[in-house]
Amino acid sequence: MLVYDSVDRVPLNATHDGADTTLWRVGPGGKAKLATENYEITCSGTGIGPFAYGAGVAFTRTVMTEVDPGMECLLGSGGGDGVSRMTSATMRYVPAGSTTPVTISGAPGASRIAARWPALAIVPLRIPQPMGDNVTPPTRGTNQIESWNLRTQTRRCAASLAGVPTAVATNGVQIAAIVPTPQGTNLARLSAINCAHIGVLTLSRHVRPEIVAGRHTVVWVAGRSVMALSDHRVTRLYRGALVPHGLTLSNGRLVWWVTGSGGASRVLRLVLP
Amino acid sequence: MGIAAAVVTALVCAASTAATAAAAPTPTTIAVTTKPIIALAAGGGRVAYRTHFTDQSGGVCNSVHVMSLNGGNASVPSPCVHTDDHAAWLSGRTCSSTTRSTVCR
């Protein structure tokens, strides 16, 4: 099952463009539209932020509000562009086989998100955030992780961290995050059940915002290397000439891409030892 | 630990180290594209990647490709269309890449 979004910038009226966002699911049954949102750029509307697939699709729905005192967009009084902020965000879930999103009551919108049934790990968005001229919602996060149960759609726990996570992953039992701090970049691991801190490992300086969690292994990217933590031991799985991007894990196989200076890209697969 | 046990342990460790070195994995290329990839996701034995490219006339080509983790021909559920598409994400593990950085969320 694959989920992706499309965000089309389209002329909306004489002074503003709009952003039409659609969330799509593609699977054996074909392609289905899961959600649509519309935002009048620099004015108001709704959008779709980070999402993850975990026996269904959990996605962030953002609300943008016009905040300029003259309410240029709403009233058209001064002919200005308007000023907009992302003022709230919620988490929605579309179960497998359904095309109807339901709001997970009380769940925050995510700046980073990971799912592995039934665990949902959310780094809550910082609210509010300025939109500027952006088409898509901003993704600054907070220094917290919330763990939710997708089966019951209830919050299990929350944990405060030493910094704002730049990447999060879960294997359903544990949550792992890359957390830059003033003292260095940490690999933090929490229980997905009660958010108890399982371990913190200080990594090298060149850690990138990439992390995946398998059943017994956590994998991340440092410089041009793919690194792994397994059985309390850190090993280098691979070092290449180009920086790995988009690290992901499926059925014991790591996948990432590299892009050369000319823009051409390759997708690489590596069996996890 | 006796001497014999120590020798056995040393041999096992040496063998383990040698096996690790000998089995140093090499990644397999499963897709090649002339366009920059900006997002990737994998699950259920399949991998999806998204390319995003702006040509000299300003046309945007944003497409999503899906293929087996073993490689092979990709299907294209969202083909390249020359519109102003700002989408950058795929399900599960999602990352967005610019020339300067990659952000995964």
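A few comments on the model shown:
- The range A:256-269, subset facing chain B (nearest Cβ under 7 Å) and surrounded by fewer than 20 Cβ atoms within 10 Å (Cβ to Cβ), residue modelled with the lowest pLDDT: A:263
- Any hit, the range A:71-84, residues being of a type outside the set (A, V, I, L, M, F, W, C) and within 18 Å of residue A:168 (Cβ to Cβ): no
- Taking the range A:7-20 as the range and being in contact with a Ser or Thr (Cβ under 9 Å, 6 or more places away or on another chain), of a type in the set (A, V, I, L, M) and not in a strand (DSSP E or B) as the test, no residue passes.
- Residue that is farthest from residue A:108 (Cα to Cα) [pool: residues in the range A:27-72 that are of a type in the set (Asp, Glu) and assigned to a strand (DSSP E or B)]: A:40
- Residue check: residue A:215 meets all listed conditions (1) within 12 Å of chain B (Cβ to nearest Cβ); (2) among the charged types (D, E, K, R); (3) in contact (Cβ under 8 Å) with a residue 12 or more places away in the chain but one, namely (1).
- Test for residue A:48: is it within 10 Å of another protein chain (Cβ to nearest Cβ) and either of a type in the set (A, V, I, L, M, F, W, C) or under 19 Å from the mean Cα position of the chain (by Cα) (or both): yes
Here is a yes/no grid of residues against (1) among the small types (Gly, Ala, Ser); (2) modelled with pLDDT of 65 or more:
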| residue | (1), (2) |
| --- | --- |
| B:7 | no, no |
| B:48 | yes, yes |
| B:65 | no, yes |
| B:68 | yes, yes |
| B:104 | no, no |
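- Residue A:135 falls short on exactly one of the conditions (1) touching a strand residue (DSSP E or B) at 6+ places or on another chain (Cβ under 6 Å); (2) more than 11 Å from chain B (Cβ to nearest Cβ); (3) over 25 Å from residue B:42 (Cα atoms), and that condition is (2).
- Of the numbered criteria (1) touching a strand residue (DSSP E or B) at 6+ places or on another chain (Cβ under 7 Å); (2) within 14 Å of chain B (Cβ to nearest Cβ); (3) closer than 24 Å to residue A:244 by Cβ, the one residue A:124 fails is (3).
Residue-by-condition table, conditions (1) touching a Ser or Thr at 6+ places or on another chain (Cβ under 8 Å); (2) away from chain B (no Cβ under 14 Å); (3) not acidic (Asp, Glu):
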{"residue": "A:2", "(1), (2), (3)": "yes, no, yes"}
{"residue": "A:5", "(1), (2), (3)": "yes, no, no"}
{"residue": "A:22", "(1), (2), (3)": "yes, no, yes"}
{"residue": "A:30", "(1), (2), (3)": "no, no, yes"}
{"residue": "A:37", "(1), (2), (3)": "yes, no, no"}
{"residue": "A:53", "(1), (2), (3)": "yes, no, yes"}
{"residue": "A:58", "(1), (2), (3)": "no, no, yes"}
{"residue": "A:65", "(1), (2), (3)": "yes, yes, yes"}
{"residue": "A:71", "(1), (2), (3)": "yes, yes, yes"}
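Rundown of residues vs (1) within 30 Å of residue A:208 (Cβ to Cβ); (2) within 18 Å of the chain's Cα centre (by Cα); (3) at pLDDT below 95, yes/no style:
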{"residue": "A:76", "(1), (2), (3)": "no, no, yes"}
{"residue": "A:105", "(1), (2), (3)": "no, no, no"}
{"residue": "A:109", "(1), (2), (3)": "yes, yes, no"}
{"residue": "A:113", "(1), (2), (3)": "yes, yes, no"}
{"residue": "A:119", "(1), (2), (3)": "yes, yes, no"}
{"residue": "A:127", "(1), (2), (3)": "yes, yes, no"}
{"residue": "A:176", "(1), (2), (3)": "yes, yes, no"}
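- Out of A:113, A:178, A:198, one residue alone is more than 19 Å from residue A:58 (Cα to Cα) and within 14 Å of chain B (Cβ to nearest Cβ). It is A:178.
- Matching strands (runs of 3 or more DSSP E) fully within the range A:159-255 where at least 3 residues are crowded, with 18+ Cβ neighbours inside 10 Å: A:167-170, A:174-181, A:184-191, A:207-213, A:217-222, A:225-230, A:245-250
- The residues of the range B:26-42 that are of a type in the set (Ser, Thr, Tyr) and either facing chain A (nearest Cβ under 7 Å) or touching a strand residue (DSSP E or B) at 6+ places or on another chain (Cβ under 6 Å) (or both), listed by number, are B:28, B:29, B:33, B:34.
- Complete set of residues in the range A:1-23 that are under 14 Å from residue B:66 (Cα atoms) and surrounded by fewer than 20 Cβ atoms within 10 Å (Cβ to Cβ): A:1
- Considering the range A:60-92, and only residues there that are in contact (Cβ under 8 Å) with a residue 60 or more places away in the chain and buried (at least 23 other Cβ atoms within 10 Å of the Cβ), the residue that is farthest from residue A:156 (Cα to Cα) turns out to be A:82.
The values are calculated or read from the model by the stated rules, or taken from the named source; none is laboratory data. The shown structure was predicted, so the numbers you read here are calculated from the model rather than taken from an experiment. Every residue, glycine as well, gets a Cβ built from its backbone with ideal geometry; the counts of neighbours run over all protein chains shown.
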